[in-house]
Amino acid sequence: MSEPVVDIRGLHVRFGEVEAVAGIDVQAHAGQATALLGRNGAGKSTTMRVLAGLVPPTAGSVRVGGLDMRTHNLEIKQISGYCPDVGGLVPRATPWEHLQLSARLRRLDDWEDRARDLLERFELGDVAHRVTGGFSHGMGRRLSVVLAALHEPRLLLLDEPFDGVDPIGVEATMDVIADARARGACILVSTHLRELAIQACTDVTVLRGGSRVATVDSAEMAGEEGARAYRALLD
Amino acid sequence: MPTGLSSTSAPTSQAYASPGLVPAARRAVEDVGHLLRFRTATVRRRRALPTAFAAMGGITLAVCTLPALFPGAHEDGRARDVLLLMPTMFAAFFVLTVVSGVSSGGGRELLARDQGVTFPVSPTTDHLGALLLAPLNVAWLLQAWVILGSAAFALGPAHAFPAMVAIVLWLVACTAMAQVLAWTMEAIRRRSYGRLAVRTIVAACALAFGVVHVTGRLTDLLDNLPTVWLVARTTQGFGSAWLGGLAFEVVVIVVAVVLGAVPAHLAARRPPRDEARLESGHYTPRRMSRTVVGTIVSIDRASVWRSVPMRRGITVLGVGPGLVAILGSMTWASATILPGLVASGGALLFGVNAWCLDGRGLLWRESLPARPDQVFAARAIVLAEFVLVATMVTLALAAVRAGLPTPAELTAIAMLVAVVTVQVLAAAMRWSAQRPFPVDMRSARATPAPPGVMIGYSSRLALSTTFTGLFFSFLARADDWRLAILFAVPLLAWSTYRLHRARLVWLDPVQRARVVLAVAA
């Protein structure tokens, strides 16, 4: 198998006395969509934040596209797109201004047509020039996915992208994940919605108490049987 | 299984019935206590609270006693002049509290709107909380201390105590009356055409004041202020007149506190139009800057100028001291006190928690491939230009009366503006990294940090910039204009070094992550 796009080994993240991540190992490959499942506080969002370059690892190794997160933080940010779990939008800037900033910092040319297309697909075209402070939760989530996907990143990090999103938004997000897989990107989706995770992803990694407890094919987590297996992993 | 009541069932509980006025008021007062305890419990450095209160109490005690022991206290010369100014000081304090309350949309909140949305906090509780928090403001405290200290100096140790009691009651009365006006203006502002109405009222007040000043009737007005009556009764020592003054103040306090709940309820029933207008407005896309820092500055600038508290704050901050300079006929040498205070005020509008501009969007911002030094530079540039805009407005207004400056005055003012801007910038960026707070700056009532922390920040900024202003006031009177440049260079170098150290904190990935997670919490 080819070199993994995401290669996390022995990741520990501590905030003071709290150990948010306690030795996680995750590998994810190009063209693969991996769901991170687990209860609240399992370490999903912290792991995503480490991969997005926001939180430095306390211990362990994190490599993205063969680059070490400690030494190539900026290069990794160039090739990744991140949808944070909460908010993720500058309250007094418009969606278009968000897109402009992302495009400028990533040196994108001719990005406007793709940006407009994404906004339309996520039904945000009408509000492209309104500040995001007045957006509903679902609109904010949808825009965060648009921002993460704009530059067709090699690594797409979606943290709770379905949370509070209407069916059209869920469908558009599924399309973004499918498109990314088709062009060979690596996708990590953190969510607590098991059914949607199974639908969107090829693999499922279950986290508990800051550690990885299992990585299985998403089909194994489907249906009643899968739900029982998932609950057993959480307990 | 519990089920809902049918239309024919008698209600078994009165829990949801609307209480009467008196029980509702009692409940509102009790809720203030609950919220205060909640706020106190969430203070990060609770051990510092007794020290802070002891320090404020100590300063107040010193201000009330020490001036009475100064040479010339309670004598005919300077002390008498100070006594004659007391009615004006009383009135100025009232104006200050009104401006503060109106510009902050009804005053500070015991519980921020987004945090309090799930709790049944009544507008009466909100009104009482705003009253309690009003003194936790350095402008309020400084003015109060100036009045108390002046009274102690003017009246001497024998007569100061009864006057102090009356003055403290006057400060409370002013705050309560200002609160009534602030809620009333906010209720008007939230009606259809309310913004226009408020602007018309403010313009009419400014025009009336301007007419009085231009026609030379200002002194007559000040001599006939209603506060003259009050000062005359409260400074004569114990007696029936003093008691009458006190009774009047108590009545005003009680009436204003009760009355304030009415416009507070009226305002709470209507959505804030200023915020809604900014959030639902259409913003024409602008061309992107050619540079990375320029693009970041552009989005940061939008975050500042589309915020209601910052727009209102900068207007009051720029125009207010400028008008004081005009009315007080300030010379350039004495106007050197203004840039530091205005710059400090500008930083206190958002700069002391500069990263809160992005709110939870900081999580996404930090995932972008921008160098941390560029992000820091952009934020510092936006804060500096924000502070400079206010300073320039103030100085432009001050120039109306001060006229053309001499070379020494011009150099001193220019150097002073540069020094205090970098001084304030360094302090604000340092505090932003040291103590970040998750704050939603949408509301006109929002402040970038909790009230107690804001007091600490504002005191330190006011102290350092006032000293710098006084120093340059001396330099403005010097014969050689080059002196100001000579002294400005080391001060600029020191502040730049402190700014550089704040930048180093931001460049550290661990420290940066701490700030980002705290702001986005």
TODO: Looking only at region B:350-358, decide whether some residue is under 26 Å from A:R107 (Cα atoms) and of a type outside the set (A, V, I, L, M).
DONE: yes
- [ ] Examine region A:59-74 for a residue that is within 14 Å of chain B (Cβ to nearest Cβ), within 17 Å of the chain's Cα centre (by Cα), assigned to a helix (DSSP H, G or I) and closer than 18 Å to A:G210 by Cα, and state whether such a residue exists.
- [x] no
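Just wondering, is there one or more residues in region A:133-146 that are within 13 Å of B:R360 (Cβ to Cβ) and within 8 Å of chain B (Cβ to nearest Cβ)? Show your work before the answer.
Here is the first cut: in region A:133-146, the ones within 13 Å of B:R360 (Cβ to Cβ) are A:133, A:135, A:137, A:140-141, A:143-144.
Now restrict to residues that are within 8 Å of chain B (Cβ to nearest Cβ): A:133, A:144.
Scanning region A:133-146 turns up at least one residue that is within 13 Å of B:R360 (Cβ to Cβ) and within 8 Å of chain B (Cβ to nearest Cβ).
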- [ ] Go through region B:333-377 and count every residue that is within 20 Å of A:G87 (Cβ to Cβ) and more than 9 Å from chain A (Cβ to nearest Cβ).
- [x] 6
- [ ] Can you give me the number of residues within region A:119-139 that are outside any loop (DSSP other than H, G, I, E, B) and buried (at least 23 other Cβ atoms within 10 Å of the Cβ)?
- [x] 2
- [ ] Could you look through region A:29-58, keep only residues that are among the hydroxyl-bearing types (S, T, Y) and part of a helix (DSSP H, G or I), and pick out the one that is farthest from the other protein chains (Cβ to nearest Cβ)?
- [x] A:T47
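Residue-by-condition table, conditions (1) in contact (Cβ under 8 Å) with a residue 24 or more places away in the chain; (2) in a loop (DSSP other than H, G, I, E, B); (3) over 27 Å from the mean Cα position of the chain (by Cα):
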residue	(1), (2), (3)
B:L404	no, yes, yes
B:E409	yes, no, yes
B:A478	yes, yes, yes
B:F487	yes, no, yes
- [ ] Can you tell me which residue within region B:277-290, out of those that are surrounded by 13 or more Cβ atoms within 10 Å (Cβ to Cβ) and either small (G, A, S) or modelled with pLDDT of 85 or more (or both), is nearest to the chain's Cα centre (by Cα)?
- [x] B:G281
- [ ] Might you let me know whether region A:82-89 holds any residue that is at pLDDT 90 or above, outside any loop (DSSP other than H, G, I, E, B) and open to solvent by 10 Å² or more (accessible area, probe 1.4 Å)?
- [x] no
Task: Test: B:L155 is of a type in the set (A, V, I, L, M) and open to solvent by less than 30 Å² (accessible area, probe 1.4 Å) - done: yes
Open item on the list: Can you list residue pairs whose Cβ atoms sit under 6 Å apart, with the first residue in region B:455-466 being in contact (Cβ under 8 Å) with a residue 60 or more places away in the chain and open to solvent by 40 Å² or more (accessible area, probe 1.4 Å) and the second being part of a helix (DSSP H, G or I) and β-branched (V, I, T)? Count only pairs 6 or more apart in sequence or on different chains.
Closed with: B:S459/B:V138
Task: Residue count, region B:234-270 (criterion: crowded, with 18+ Cβ neighbours inside 10 Å and of a type in the set (V, I, T)) - done: 5
- [ ] For region B:435-455, indicate whether the set of residues that are modelled with pLDDT of 90 or more, assigned to a helix (DSSP H, G or I) and either outside the structural domain of B:G101 (by TED's automatic domain parsing) or farther than 22 Å from B:L499 by Cβ (or both) is non-empty.
- [x] no
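Being more than 11 Å from chain B (Cβ to nearest Cβ) and in contact with a helix residue (DSSP H, G or I) (Cβ under 6 Å, 6 or more places away or on another chain): is that true of A:G164 here?
Here the answer is yes, as A:G164 does meet what is asked.
The values are calculated or read from the model by the stated rules, or taken from the named source; none is laboratory data. Only a predicted model underlies this, so the values are computations on that prediction, with no experimental measurement involved. For neighbour counting, all protein chains shown are included, and Cβ atoms are generated from backbone atoms with ideal geometry for every residue, glycine included. For the accessible areas, the whole protein counts, side chains as well, though only heavy atoms, and no ligand, DNA or RNA atoms are used. Shrake-Rupley method; radii C 1.70, N 1.55, O 1.52, S 1.80 Å.
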